[in-house]
Structures are given as structure tokens and as C-alpha cells.
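Asker: Dropping a structure here in C-alpha cells format, bear with me for questions.
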Amino acid sequence: MNFRNCALCRVMRGFAFGGMGAAIFGYGSIWLFGVEQNEAIYYALFGAIALTAWVHRKRSDDR
């Protein structure tokens, strides 16, 4: 049985990488682009979605 790909593991991985993506893109947009905090929320949301999608992408079984 593959415990690395169970439903709870995927949900927890999504929470973790979603939070990291939001922090990196949200604070990064404030620091790099000088956007206001209200607009940084949109960057954080995009960052959370992007990093979570990147982690959960389909990979070949060549590993």
C-alpha cells in the first residue's frame, strides 16, 4: 500500500504548500513590486494555487 499518496497525505501536502506559496508570493509582491496589502492578497492566492498545483502535478513513473 502506498502511504505517501493517501487522501489525507495529499490534503495535508496541499495545505502546507498552499501556505508556503501564499507567503512567498504575497510577501514577495509587497517587497518586490511595492503593492499594498489589499492587492497582495491576490498575489498570495495565485501563489497558493500555483505551488499546490506544481506539487500535485502528474509525474511519470520513471523515478
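Asker: So what's the angle, to the nearest 10 degrees on a 0 to 90 scale, between helix 37-55 and the longest Cα principal axis of the chain?
Answerer: Taking the Cα atoms of the chain, the angle to 37-55 is about 20 degrees.
Asker: Then there is this: Between Arg4 and Ala23, what is the spin-label point distance in nm, taking each point 7 Å from the Cα along the Cα→C-beta axis?
Answerer: Distance between the two pseudo-spin positions: 2.4 nm.
Asker: From the list (i) 23, 39, 23, 12, 2; (ii) 20, 31, 20, 14, 9, 5, 1; (iii) 22, 58, 18, 2, 0, can you say which value of P(r) over Cα pairs in 10 Å bins from 0, in percent was derived from the structure given?
Answerer: Calculated P(r) over Cα pairs in 10 Å bins from 0, in percent: the matching label is (i).
Asker: For helix 7-33, report the angle its Cα long axis makes with the longest principal axis of the Cα atoms of the chain; keep it between 0 and 90° and round to the nearest 10°.
Answerer: With both axes taken from Cα atoms, the answer is about 20 degrees.
Asker: When the helices in the chain are scored as -39500 (n - 2.57) per DSSP H run of 4 or longer and the sum is shared across all residues, what 222 nm value do you end up with, to the nearest 500 deg cm²/dmol?
Answerer: Theoretical 222 nm ellipticity from helices: -25500 deg cm²/dmol.
FYI, it's all coordinate maths here, none of it is from the lab. Since we're looking at a predicted model, the values are computed, not measured. So basically every Cβ, Gly included, is an ideal-geometry build from the backbone, and we count neighbours across all protein chains shown.
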